[in-house]
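Read-outs: derived from the displayed coordinates by stated rules, not from any lab. Fair warning: this is a prediction, and the values are worked out from it, not measured in the lab. Cβ placement follows ideal geometry from the backbone for every residue including glycine, while neighbour counts extend to all protein chains displayed.
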Amino acid sequence: MDNTVTLIIAAVVGLAIGFAIVKMLQKGSAAKTISNAKKEASNIIREAKKEGENIKKDKIFQAKEKFLELKAEHEKVIIGKDKKIAEAEKRTRDKESQISNELSKNKRLNEQLESRLKEVEYKSEILDKKKSEVEKLHKSQVQQLEVISGLSAEDAKAQLLESLKETAKTDAMAYLQGTLEEAKLTAKQEARKIVINTIQRIGTEEAVENCVSVFNLESDDVKGRIIGREGRNIRAIEAATGVEIIVDDTPEAIILSCFDSVRREVARLSLHRLVTDGRIHPARIEEIVKKTERQINEEIIEIGKRTVIDLGIHGLHPELIKAVGRMKYRSSYGQNLLQHSREVAKLCGVMAAELGLNPKLAKRAGLLHDIGKVPNSEAEVETPHAILGMKWAQKFGEKKEVCNAIGAHHDEVEMTSLISPVVQVCDAISGARPGARRQVLDSYIQRLKDLEDIAFGFNGVQKAYAIQAGRELRVIVESEKVSDDQAAELSFNISQKVQTDMTYPGQVKVTVIRETRSVNVAK
């Protein structure tokens, strides 16, 4: 490549010289110019060769530098690979040593285990020998006692049983009570039958109260307009709202029947708007129902937001806020579900603060404990409301403590946090409050009085108090007339009397208190 550059340079120089010679010949000094040109050409050629040699040396020097640089990089790569191989070999040696140590440990453990097994077998043989010796000694002692006392073992046993008869009677009462409690727990099938019979007896009143709304009219003439020609208006209303409309002989009123309280409210408001407006036809009915549904949905969201703000609960998922709003249109045993949940939330906050727990988390669990009672679809109705509420809370990112409290407030799942029993207790308090679940105050007071009267019907009872909304009966007895054993028997007898003579929700706990006081005055 360097020779080619030199030749190119020489050719260019030659052309320049030739051009110069032509010019000189034209001026008339050809001979002198030719000699000067030759000298100049030779000088230029020498300079070109020198320059070519310098360029060649520079290129060789650059090539050597590049070679040395590539060689250094290659050596670095080789050194890095050697280092990694050395580290891998070291790890392998460490693992081999660790495995060998574990094998030696296992070997020592096996040897120790074998020695201990032999020792246990030896001790077991010694124990069997001592057991046989003790049995022989026991028989000889029994024979000696029979000779000394003049009684056989059977006679002594009969006298002992006679002396322990009263104690055995008390123990039998306690055993009977425990057996009855166990029978109650295992009698699940019987309980289901009782529940079904109860629903058949009193379910009609509850269904009427919770599944029917009455829409009042100004006059009976409006009934005809609601029914429409050949019943097209009433069919359109039923199809749009999903509510059955009953038009009977009741003056100035029609009945709206549906298990879904939200649908009943939509139908009631829609009918009110239609009757007020006066234009009642299928197209207008569909338009009004859609507007009312949007209004109810907005109202549900607003109720949910206002509730969580009032209780100081933050970060609740929008779907859970909707569920809280829907609780306004749901009742449980005649008690409005939203009011019940708000009450439980406040009670949980107070109780958690007293116990040193997180009151905000307790409020959150108390508000959401019954959200499973407002399902979104028919498929969810079959799931118990506590389990359904727990699944919703898990789905929408609630904490584990809140989810467990929702699922465990009826003991359908195991309690794993301290907030769970707090929610369960506050739910029971809210439901048992007098007047909370449509219980007449007079009948409530009469039930408490009947409980106390039953206790006063037994000998030795000094005072009796029905407490905790009639769920517990505390009886104070005279210590001179009633012994400790008789107090246990009295508690059992009173509970049986209450169970047979009274009708009450839930269960009644009977507590008998016997107290002895010795008082002296120092003067």
_Just to check I understand the Karplus step: with θ = phi - 60° and J = 6.51 cos²θ - 1.76 cosθ + 1.60, what whole-Hz values come out for region 388-397, glycine and proline as x?_
5, x, 5, 5, 4, 4, 5, 5, 9, x
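Counting Lys and Arg as +1 and Asp and Glu as -1, what is the net charge of the other residues whose Cβ lies under 11 Å from the Cβ of G315?
Values: positive: K360, R364, K399; negative: E398.
Residues close to G315 contribute a combined charge of +2.
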_What is the distance in Å between the Cα centroid of region 266-320 and that of region 39-61?_
100 Å
_Using θ = phi - 60° and Karplus 6.51 cos²θ - 1.76 cosθ + 1.60, couplings along region 63-79 (whole Hz; Gly, Pro as x)_ = 4, 4, 4, 4, 4, 5, 5, 4, 5, 5, 4, 4, 5, 4, 4, 5, 5
_Sequence-distant residues sharing a close amide H with T511 (under 5 Å, placed H)_ = L473, R474, V475
*Under 25 Å from the Cα of K136, which lysines turn up, not counting those fewer than eight places away in the same chain?*
K123, K157
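With 10 angstrom as the radius, rank I454, I476, I296 by how many other C-beta atoms surround their C-beta, starting from the fewest. List each step's numbers first, then the result.
Details: I454 23, I476 16, I296 19.
Sorted ascending by nearby Cβ count, the order is I476, I296, I454.
Would you mind counting up the charge near S417? Only other residues with Cβ under 11 Å from its Cβ, with Lys and Arg at +1 and Asp and Glu at -1. Let's see the in-between values first.
Working: positive: K399, K400; negative: E401, E414.
Charge balance near S417 sits at 0.
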_Per-residue Cβ neighbour rank within 10 angstrom, fewest leading, R326, R342_ = R342, R326
*Among Y465, Y329, which comes first, second and so on when ranked by fewest other beta-carbon atoms within 10 Å?*
Y465, Y329
*Estimated distance in nm for a label pair at E51 and S257, the labels positioned 7 Å out from Cα along Cα-to-Cβ*: 11.6 nm
*When the Karplus curve 6.51 cos²θ - 1.76 cosθ + 1.60 is applied with θ = phi - 60°, which whole-Hz ³J(HN,Hα) does each residue of region 417-427 get, with x for Gly and Pro?*
9, 6, 6, 4, x, 4, 5, 4, 5, 5, 5
_Nearby lysines by direct alpha-carbon distance to K107 (threshold 23 angstrom, same-chain neighbours under 8 apart not counted)_ = K95, K118
